[in-house]
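Comments concern the structure below.
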Amino acid sequence: MTASHAPVEVNGIAYRWPLRPVVVVCIDGGDPRYLQRFLADGCIPNIARFISQGFAGIADGSMPSFTCPNNMSIITGTPTARHGISGNFYLDTATWQPVVMTGPELLRGDSIVTRFAQSGAKVVSITAKDKLRKQLSKGLDVAQGHVSFSSEFAERCTLAENGIDNTLQWLGMAQPGMYSMELSLFVLEAGIKLLQERRPDLLYLSLTDWVQHKWAPDEDGARTFYQRLDDCVGRLAALDATVALTADHGMSDKSNAAGEPNVIWLQDILDARFGQGQTTVICPITDAFVAHHGALGGFVRVWTRGAVTARQIIDHIGGLDGIELALDKATVCRMFEMPPDREGDVAVIAREDTCIGSSASNHDLSGLKGHRLRTHGGVSEAKVPFILNRPLNEAYKARAAGAPLKSYQIFDYAVNGTL
Ligand SMILES: [Zn+2]
């Protein structure tokens, strides 16, 4: 540990110098229903101990309840409106082309981890999916002894780019597959080993939701994963670290009794009513990992070319079965703290049991064969766990009792709020 320093201010919040290493784990897709189930079964004893001896609540995640917006909320300590990453894609209305939102230049504000590094702390940021890596480590100079890599590309790590190399040999694990629980477990095992060997001050470990997309809380695959997760977080805590657990979003079953996904093909509906080319539906969940959800989520955006108004779109689709909310830009940004310059003309949010796609012909659902569709993006998947292995101090106890918890406060609580 580095000697005591002055507090570090990041995006308007002062973070004290950590008394012991702080590890924040983002359990991607970690819907509270998984923990409820496995706590009831008694098979996650370490997390059970955190809850009884530390602090636990259910927090509001950021909207839309997708991976990128919520990881950026957690790492900056701010809502989506402030950091600007409101999905994987937005539509550039100058070119009418979708723009991928994973570039660090699109992230507004600073990463807590990076600001600590710049203040003299040693930091580690590991993510399962490489798409998150550059934004998570925006501004981080790994030449100063920090580590930043993804398990997706663990075998490609270099000292110059990642602050670590020969990662597979060092950890003694094979390169995990893109669709495997090992992709997440690799992140946790690497975090444990770095904590043992280098004792950094701050670690951010972000997993992947392949398990939760694939298995419901009552399925064996999910239980196996959570038991292994529990073992890992227990070992982190045993290294005298403050361990904080949250999630980027939850996960809901969106299939019917026959096992087929309940999909609203929104672009097809809008084209039939208003004509082709008048509106563009963007599914901001779309990324390279689509086999397990077919790019179907609970939140989409509609842009209009101008001949059709937002009001007409809302009037046409707002009453459709399965749509929970259809809102104009100003309303959705106000309700869910989202940035207007990256919002569509209409935001459409699905009910818990339904998802929304663009055109049926644009989604490849072959990867879902034999599985029920489980996915996220809406309000129904925006509740996440918020767990600390250490008790809160009096000030943060009062704060937690007085206002709804937000998942983007997890670093604040872990660093400033624990005894
Ligand atoms: Zn996610």
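Every number here is computed from the coordinates shown, using simple stated rules; none is lab data. Only a predicted model underlies this, so the values are computations on that prediction, with no experimental measurement involved. Counting neighbours? That spans all protein chains shown, and the Cβs are built from the backbone with ideal geometry, glycine included.
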Alpha-carbon centroid distance for the pair the stretch 344-382 / the stretch 70-137, whole angstrom = 23
Once the dipole of the chain is set up from charges on Cβ (+1 Lys and Arg, -1 Asp and Glu), the residue from the list N362, G319, A382 lying farthest towards its positive end is A382
Relative contact order [Cα under 8 Å, 6+ residues apart], the chain, whole percent = 27
To the nearest 20 debye, what charge dipole does the stretch 162-251 have about its Cα centre, counting +1 at the Cβ of each Lys and Arg and -1 at the Cβ of each Asp and Glu?
-> 180
Lys, Arg +1 and Asp, Glu -1 on Cβ, resulting dipole of the chain about Cα centre, debye, nearest 20 = 820
Computed about the Cα centre, the charge dipole of the stretch 251-381 from +1 Lys/Arg and -1 Asp/Glu charges at the Cβ has a magnitude in debye, to the nearest 20, of 120
Most positive-pole-ward Cα, A247, Y34, V22, against dipole of the chain from beta carbon charges | V22
Can you pick out the pairs among K329/K406; K131/K406; K254/K397; K329/K369; K134/K397; K131/K397 whose Cα atoms lie more than 30 Å from each other?
-> K254/K397; K329/K369; K134/K397; K131/K397
Membrane-span-like helices in the chain: DSSP H runs reaching 20 Å or more (Cα, own axis), mean Kyte hydropathy at least -0.5?
-> 182-198, 220-238
Starting from the Cα gyration tensor of the stretch 326-419, take the square roots of the eigenvalues, sort them a ≥ b ≥ c, and report rounded, prolate or oblate (rounded when a/c is under 1.5, otherwise prolate if a/b is larger than b/c, else oblate).
-> oblate
Anchor K193: lysines whose Cα lies under 19 Å away (excluding residues fewer than 8 positions away in-chain) = K122
Looking at M181, V142, Q212, which one has the Cα that reaches farthest to the positive end of the dipole of the stretch 97-226 (charges on Cβ: Lys, Arg +1; Asp, Glu -1)?
-> V142
